[in-house]
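Input: a single structure, listed below in structure tokens.
The values are calculated or read from the model by the stated rules, or taken from the named source; none is laboratory data. Computed from a predicted model, the values in this text were never measured in an experiment. Methodologically, a virtual Cβ is constructed for each residue, glycine included, from the backbone with ideal geometry; neighbour enumeration extends over all protein chains shown. All accessible areas refer to the heavy atoms of the entire protein, side chains included, with ligands and DNA or RNA removed. Shrake-Rupley method; radii C 1.70, N 1.55, O 1.52, S 1.80 Å.
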Amino acid sequence: MANKIPRIPVREQDPNIRRTNFEEVSYGYNSEEAMLEATRCLNCKKPKCVTACPVSINIPAFIQEIAKGNFVDAAKVIAADSSLPAVCGRVCPQESQCEGDCILGVKSEPVAIGKLERFIGDYANENQLNLAEVAAPNGFKVAIIGSGPAGLACATDLAKIGYEVKIFEALHKAGGVLEYGIPEFRLPKEKVVKAEIDNVRRLGVKIETDVVIGRTVTIDELINEEGYHAVFVGSGAGLPKFMDIPGENLNGVVSANEFLTRTNLMKAYDESYDTPIFVGSNVVVVGGGNVAMDAARTAARLGANVTVVYRRSKTELPARVEEVHHAEEEGIVFKLLTNPTEIIGDEKGWVKAIKCIKMDLGEPDASGRRRPIEVPNSEFEVKTDVVIMSLGTSPNPLISTTTPGLNLNKWQCIIADEKGQTTREGVFAGGDAVTGAATVILAMGAGRVAAKSIDEYIKDKYQN
Amino acid sequence: MFRITKKTLLAPNIYLMDVYAPRIAKAAKPGQFLIVRVHEKGERIPLTICDYNVEEGTVTIVTQTVGASTNLICAKEEGDAFLDVVGPLGRPSEFVEETLDDLKSKKILFVAGGVGTAPVYPQVKWLHQQGVDVDVIIGAKSKEHIILNEQMSAIAKNVYIATDDGSLGTKGLVTTVLTDLIENKGKAYDVVVAIGPMIMMKFVSLTTKKYNIKTIVSLNTLMVDGTGMCGACRVSVGEKILFTCVDGPEFDGHLVNFDEAMRRQIMYKSAEGQKLRKQEKESDESCQCEK
Ligand SMILES: Cc1cc2nc3c(=O)[nH]c(=O)nc-3n(C[C@H](O)[C@H](O)[C@H](O)COP(=O)(O)OP(=O)(O)OC[C@H]3O[C@@H](n4cnc5c(N)ncnc54)[C@H](O)[C@@H]3O)c2cc1C
Ligand SMILES: Cc1cc2nc3c(=O)[nH]c(=O)nc-3n(C[C@H](O)[C@H](O)[C@H](O)COP(=O)(O)OP(=O)(O)OC[C@H]3O[C@@H](n4cnc5c(N)ncnc54)[C@H](O)[C@@H]3O)c2cc1C
Ligand code: SF4
Ligand code: SF4
Ligand code: FES
């Protein structure tokens, strides 16, 4: 069988060069590489990869088309289930989703599903393929709050079946975390994010930026005054957490969200843009997730020596393996089993060092991970100019506090059932706003589920 | 498009503009602010909403040129447009929620410093329309820097002026006038609202603390998004760390850590910062980074 060929490696920018620029790290496959890799797929009858994809893309079908060189048909297969293939092919944690369950992975290496999906996504964008068919307008209006993956996916599905859809976005640019959080070198903004959002616009979806729901206009006003028949809340989980340790308000301490928003959304790395950023010579990033890796690798590109401080060991690092590997290649230093206890300032109130304590792993906690405990008398200082706090985020209360009847759970997440229905009639929700910080593809999945529920709800209410 | 429908010079380097932003005009309440972005590469600049006109769909902003971005804002003319205007942001002033009886039973003093007079004006106007008369102290460098004096006099019970050089009103600081009113003029106030430079709000708060008068200040911290996403705007208020853009911008002046707030305001500006930024560039060159 064809799977005798080893997995085709993907070409990448040299670590020593890429740590000085913001261009994409991975070059992706060209058509020859993609077609060759595609021949590895066994076209399983019961493809386990599909069940492991949160939006159930027909993976073997699109891969077969690639193998035959039918890239347009491959793009059509994907478009039936995803409006953001060039995004997901790049940022999905494939190793724990589709590729994690690929049958080939049992004996050798799984098919590079993500890289193949990215290839088709890019092909579709470069050739401006117009794939989706849009049904005739059905006369119903749906408002979507937030233009992240959840909102975009929900809008796509509803627009395809004839709804008039408008997305309201608080920031001046659409895309949510894709635009303000994930860095250019992992997810190019013009080439990929904008292109995929333009595809959504081409379905007739309107996007109104600079509207903060709960401030500029409320959900009640959208329903009662602007005539929306249903609302989907995909407002994400953008509120940054801090540690509550002494010195956190010193100059030079920033949240990862601030640091990344300045570089990505505001393009502070490009001197022709007005927004400033402060990096210093040494940067300490606190945390071990994808966001921490992105902040660390961004700081390195801005010229700093970067150390990541994380309280558990390497196996517990929540970031994707690929990202940790890339970070190490780029010279990021990891201080594991280490937790900050205090940030120390100079006489003018600027950060000069961070005090940390060594940790040991004890018994597993509620999450099943071994709980870190402090090693007595093991405190030490690390000299630094900047501390980036990357400790996770939670949903912003702006919408819930201004929408009567929309209830939250104890983590401040919007309560929604498995169909995306919230505690408020006509209001649906999904993505990070419901689950807390998760992944792009889970948010898209939730947006699609909600689109289906919204369609059922509107038909039930208005057409019977 | 967020078109500028009117532009007037109020004082040297201070411009008033009406901007067409119907959604904001409809939702705005006293005490809130908006964020302006002038051009594609521009910063997000927070400005107080100084007035709003629902019929015309406009909001009024008053901008003082202090740096590159406020210069860009003030360089725009009538008929030009801003690329982005988002708002209203922040919580409305506390008094918007209070009952009229409560408000009428209180003696309120506003203390306005420089460009801070602009956001004080609509609050005084709003209260005046509800039948609540208040006193106002306006302070500035000199006579020509005093803005909205006449408009304010038309709606406030008393307006007191303080200038650094004595070219109008009392020679001295707003706190000189404040102390004089309480110590020598037999005035008693239940609430003081101070809006102006951080340093002014700090000293007003220190003064009112002596007399145990509740004091509200409106903080102009650094901001990026203005929606609670970045934490750039965080301030220490009592034991808590709060976000100015969503928890404020108005806070209890007796609880705000002003020294920290002033220090944080210069994070991207101070000599220290510039020095470090320069060093960064030099070290960039030595490692042959391309920028
Ligand atoms: C730095 C970083 C790196 C990441 N890396 C990965 C990765 O590699 N792979 C992966 O799968 N996931 C990654 N994630 C997680 C992933 O990006 C999120 O799970 C996903 O974007 C959530 O989508 P969403 O649509 O629910 O919310 P978001 O993407 O957060 O979008 C929400 C949008 O709603 C807007 N909004 C919020 N409140 C309002 C309001 N009141 N009115 C109007 N608009 C509002 C926001 O401005 C935002 O644009 C990363 C996250 C971050 C921060
Ligand atoms: C809620 C809020 C409401 C505001 N309302 C108004 C208003 O109605 N009218 C108005 O003119 N300004 C207002 N400001 C201040 C205004 O946003 C700043 O003056 C502006 O961001 C400075 O940008 P710049 O690029 O022109 O100056 P920069 O080049 O960034 O800075 C120039 C100088 O201004 C100082 N500075 C920087 N940011 C601020 C800030 N946020 N506040 C005070 N000083 C700052 C710097 O330390 C520096 O000395 C408000 C700020 C906030 C947060
Ligand atoms: S969307 Fe993500 S999980 Fe699904 S096939 Fe693509 S890369 Fe795999
Ligand atoms: S499990 Fe692997 S081999 Fe089987 S269809 Fe999916 S990608 Fe192809
Ligand atoms: S300005 Fe970003 S959180 Fe307040």
Among strands (runs of 3 or more DSSP E) completely within region A:355-394, the ones holding 3 or more residues that are at positive phi are none
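Please determine, by comparing only the residues of region B:64-85 that are under 26 Å from residue B:269 (Cα atoms) and small (Gly, Ala, Ser), which one is modelled with the highest pLDDT. Walk me through it before giving the result.
From region B:64-85, those under 26 Å from residue B:269 (Cα atoms) are B:64-76, B:82-85; that's our starting set.
Next cut, small (Gly, Ala, Ser) only: B:67-69, B:75.
Details: B:67: 85, B:68: 85, B:69: 88, B:75: 93.
Per the stated criteria, the residue is B:75.
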Here the residues within region A:434-457 that are open to solvent by 50 Å² or more (accessible area, probe 1.4 Å) and over 23 Å from the mean Cα position of the chain (by Cα) are A:456
Restricting region A:222-266 to residues that are more than 8 Å from every other protein chain (Cβ to nearest Cβ), surrounded by 22 or more Cβ atoms within 10 Å (Cβ to Cβ) and not hydrophobic (A, V, I, L, M, F, W, C), the one farthest from residue A:163 (Cα to Cα) turns out to be A:263
Residue check: is residue B:3 open to solvent by 10 Å² or more (accessible area, probe 1.4 Å), over 14 Å from the mean Cα position of the chain (by Cα) and closer than 22 Å to residue B:248 by Cα? no
If you go through A:344, A:332, the only one that is touching a residue at least 24 places away in the same chain (Cβ under 8 Å), open to solvent by 20 Å² or more (accessible area, probe 1.4 Å) and among the aliphatic types (A, V, I, L, M) is A:344
Residue count, region B:224-242, condition within 11 Å of ligand 2 (Cβ to nearest atom) and over 20 Å from residue A:210 (Cα atoms), comes to 1
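Conditions tested, residue by residue: (1) open to solvent by less than 30 Å² (accessible area, probe 1.4 Å); (2) among the hydrophobic types (A, V, I, L, M, F, W, C).
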position	(1), (2)
A:133	no, no
A:136	no, yes
A:139	no, no
A:143	yes, yes
A:160	no, no
A:166	no, no
Within region A:290-335, residues being assigned to a loop (DSSP other than H, G, I, E, B), more than 14 Å from ligand 1 (Cβ to nearest atom) and either in contact with a Ser or Thr (Cβ under 9 Å, 6 or more places away or on another chain) or more than 14 Å from every other protein chain (Cβ to nearest Cβ) (or both) number 8
When restricted to B:92, B:88, the only residue within 16 Å of ligand 2 (Cβ to nearest atom), within 14 Å of chain A (Cβ to nearest Cβ), at negative phi and modelled with pLDDT of 95 or more is B:88
Flagged in region A:365-402 as within 30 Å of residue A:423 (Cα to Cα), among the hydroxyl-bearing types (Ser, Thr, Tyr) and within 12 Å of chain B (Cβ to nearest Cβ), in numbering order, are A:393, A:394, A:401, A:402
Listed by range, strands (runs of 3 or more DSSP E) wholly within region A:131-221 having at least 3 residues that are within 16 Å of ligand 3 (Cβ to nearest atom) and either within 14 Å of another protein chain (Cβ to nearest Cβ) or under 28 Å from residue B:246 (Cα atoms) (or both) are none
Of the listed residues (B:30, B:46), the one being within 16 Å of ligand 5 (Cβ to nearest atom) and either part of a loop (DSSP other than H, G, I, E, B) or surrounded by 21 or more Cβ atoms within 10 Å (Cβ to Cβ) (or both) is B:46
- [ ] Answer with yes or no whether residue A:431 is buried (at least 21 other Cβ atoms within 10 Å of the Cβ) and over 20 Å from residue A:164 (Cα atoms).
- [x] yes
Residue A:175 meets each of (1) at negative phi; (2) surrounded by 23 or more Cβ atoms within 10 Å (Cβ to Cβ) with one exception, condition (1)
Go through the residues of region A:29-37 one by one and say whether even a single one is modelled with pLDDT of 95 or more and open to solvent by less than 10 Å² (accessible area, probe 1.4 Å).
yes
Going through region B:62-71 in order, the residues found to be surrounded by 20 or more Cβ atoms within 10 Å (Cβ to Cβ) and among the aliphatic types (A, V, I, L, M) are B:62
Residue in region A:313-327 that is of a type in the set (Ser, Thr, Tyr), in the same structural domain as residue A:255 (by TED's automatic domain parsing) and modelled with pLDDT under 95 present | yes
